[in-house]
Ligand SMILES: N[C@@H](CCC(=O)N[C@@H](CS)C(=O)NCC(=O)O)C(=O)O
Ligand SMILES: [Fe+2]
C-alpha cells in the first residue's frame, strides 16, 4: 500500500493519500493544494478513485470538487454532514474500497455532527479527522459540536481499536504527525482513560478559542463539496501558477526571479512606495492601481504580466482589472514585495535598513 501524509501550512491541515493496486483515495484534500495533489497522484502513476472528507471543515475549503473536475475522482462524505453534491453519502460502518484494501467509515460526531473516522481493514491505521488530535481533540463550540458526544465517540469508536493502531489527525498545530491508540489512552490531556466525561466537558466548555478565520466562507463552500461560485479558469501553461480559492492566479517569487525577462512586471503601488525603502523588482513598470484600467493599453497583450504590490493584496485586484480588460495571462506575485525581500531576491532601489 502507498501512503503519504501531506500538509497545508495555511490551515495546518493534513491530507492523506492511500493507494493500492494503482487505485488511490485522498482523505481531506485542501482546495489550494489541488494542483500539488494532482501532480503527486500523476507522478506516482495512480488513478484517484475517491476523495473522502472526515467532516465539513470550518477552517479551509476542501479540494474534493476541484479534484473531481481535474481527475474525475468521486466524492464521499458522511450522510449526516448535510453536504450537497457528493457522489456517495456514507452511513455508519460503510466500506470504501481502493485496490484490494478497504476503509471502514465509523461515525465519530462531537466536533461536528457529521464527523467520520476512517479505519484501515487490518486496524493498523485510522484517520480521525478532528475527533481526536494528537494529545488534543477538535473543538465542540460550533457546527452542532457537542462535547458529550465527542467523549463517547473517542472512547467507543477510537479507543476500541488496538493500542498499536496508528492515528492520523486532521490537523496538528505543532508539527506532530501521528500518534497511537495506546499513547492517547494514557497521555491525552482531555480524553485519557483516567479522565471522566464531566471533566472533559468542563475542559471543552472553557477552551475560549476564536472562530477560524476562514469559517464564513469555508463552511458554505464545504457544504457544496468545495464548488466555487465562479468556475476556475483552465490551468496556465506559461508558469507554475497556483489558483487560490479567492479566484486569483499566483506565481511564486523564486520562479519569477528566474524568468524576469520573459514577463512584463507591473508594480501597482504609488510612486513614493515604488521609490521607497522596499525598492522594486528589476525591470518593473510603475502603473498605480488607480490608473491601471486607463493605462492598460500600454501593456502588451501577448506577453504574460506579473503584478506586484507591497503585500499582494492590491496586485490581486490588479489581476482582476487586467483580466476584465482581456489579458489572458496575468498572475499575482504571491506575498508581494514583502515576501520578495524576505527571500532576499534582487531589487532595484530601496534600502537594506
Ligand atoms: N487559528 C485557526 C483555528 C483553527 C480551528 O479552530 N481549528 C479547529 C478544527 S477545524 C479546532 O478544533 N482546533 C482545535 C484547537 O485549535 O485546539 C484558524 O483560524 O483557522
Ligand atoms: Fe474541523
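Take the residues in the stretch 254-287 that are in contact with a helix residue (DSSP H, G or I) (Cβ under 7 Å, 6 or more places away or on another chain) and either without any contact (Cβ under 8 Å) to a residue 24 or more places away in the chain or loosely packed, with under 15 Cβ neighbours inside 10 Å (or both); name whichever of them is farthest from residue 351 (Cα to Cα).
My answer is 287.
May I ask you to say which residue of 198, 183 is surrounded by 17 or more Cβ atoms within 10 Å (Cβ to Cβ), without any contact (Cβ under 8 Å) to a residue 24 or more places away in the chain and assigned to a helix (DSSP H, G or I)?
So the residue among 198, 183 that is surrounded by 17 or more Cβ atoms within 10 Å (Cβ to Cβ), without any contact (Cβ under 8 Å) to a residue 24 or more places away in the chain and assigned to a helix (DSSP H, G or I) is 183.
I'd like the full set of residues that are assigned to a loop (DSSP other than H, G, I, E, B), out of contact with any strand residue (DSSP E or B) (no Cβ under 7 Å at 6 or more places or on another chain) and either at positive phi or buried (at least 17 other Cβ atoms within 10 Å of the Cβ) (or both), limited to the stretch 70-84.
Residues satisfying the conditions are 72, 82.
Could you run through the stretch 131-153 and say how many residues are within 11 Å of ligand 2 (Cβ to nearest atom) and within 14 Å of residue 212 (Cα to Cα)?
Counting residues in the stretch 131-153 that are within 11 Å of ligand 2 (Cβ to nearest atom) and within 14 Å of residue 212 (Cα to Cα) gives 5.
Report, by residue number, each residue of the stretch 29-55 that is under 13 Å from the mean Cα position of the chain (by Cα) and outside any helix (DSSP H, G or I).
29, 30, 53 - these are the residues of the stretch 29-55 that are under 13 Å from the mean Cα position of the chain (by Cα) and outside any helix (DSSP H, G or I).
Mind telling me which of the residues 66, 71 ends up being touching a helix residue (DSSP H, G or I) at 6+ places or on another chain (Cβ under 9 Å) and within 30 Å of residue 144 (Cβ to Cβ)?
66
If you go through the stretch 195-207 one residue at a time, do you hit one that is within 16 Å of ligand 1 (Cβ to nearest atom) and on the phi > 0 side of the Ramachandran plot?
Looking through the stretch 195-207, none of the residues is within 16 Å of ligand 1 (Cβ to nearest atom) and on the phi > 0 side of the Ramachandran plot.
Are there helices (runs of 4 or more DSSP H) fully within the stretch 209-281 with at least 2 residues that are under 17 Å from the mean Cα position of the chain (by Cα)? List them.
Qualifying helices (runs of 4 or more DSSP H): 215-222.
Out of (1) under 18 Å from residue 178 (Cβ atoms); (2) buried (at least 23 other Cβ atoms within 10 Å of the Cβ); (3) out of contact with any helix residue (DSSP H, G or I) (no Cβ under 6 Å at 6 or more places or on another chain), what's the single condition that is false for residue 132?
It fails just one condition, (3).
Can you tell me which residues in the stretch 123-160 are farther than 16 Å from residue 107 by Cβ, away from ligand 1 (no atom under 15 Å from the Cβ) and not in a loop (DSSP other than H, G, I, E, B)?
125, the sole residue that qualifies.
Go through (1) away from ligand 1 (no atom under 16 Å from the Cβ); (2) out of contact with any strand residue (DSSP E or B) (no Cβ under 7 Å at 6 or more places or on another chain); (3) assigned to a loop (DSSP other than H, G, I, E, B) for residue 163 and report which single condition fails.
Unmet condition: (2).
For the stretch 215-232, name all the residues that are touching a helix residue (DSSP H, G or I) at 6+ places or on another chain (Cβ under 9 Å) and at pLDDT below 95.
If the condition is that a residue be touching a helix residue (DSSP H, G or I) at 6+ places or on another chain (Cβ under 9 Å) and at pLDDT below 95, then 228, 229, 231, 232 are the ones that fit.
The values are calculated or read from the model by the stated rules, or taken from the named source; none is laboratory data. None of these values were measured; they are calculated from a predicted model. Cβ atoms come from the backbone with ideal geometry, glycine included; neighbour counts cover every protein chain shown.
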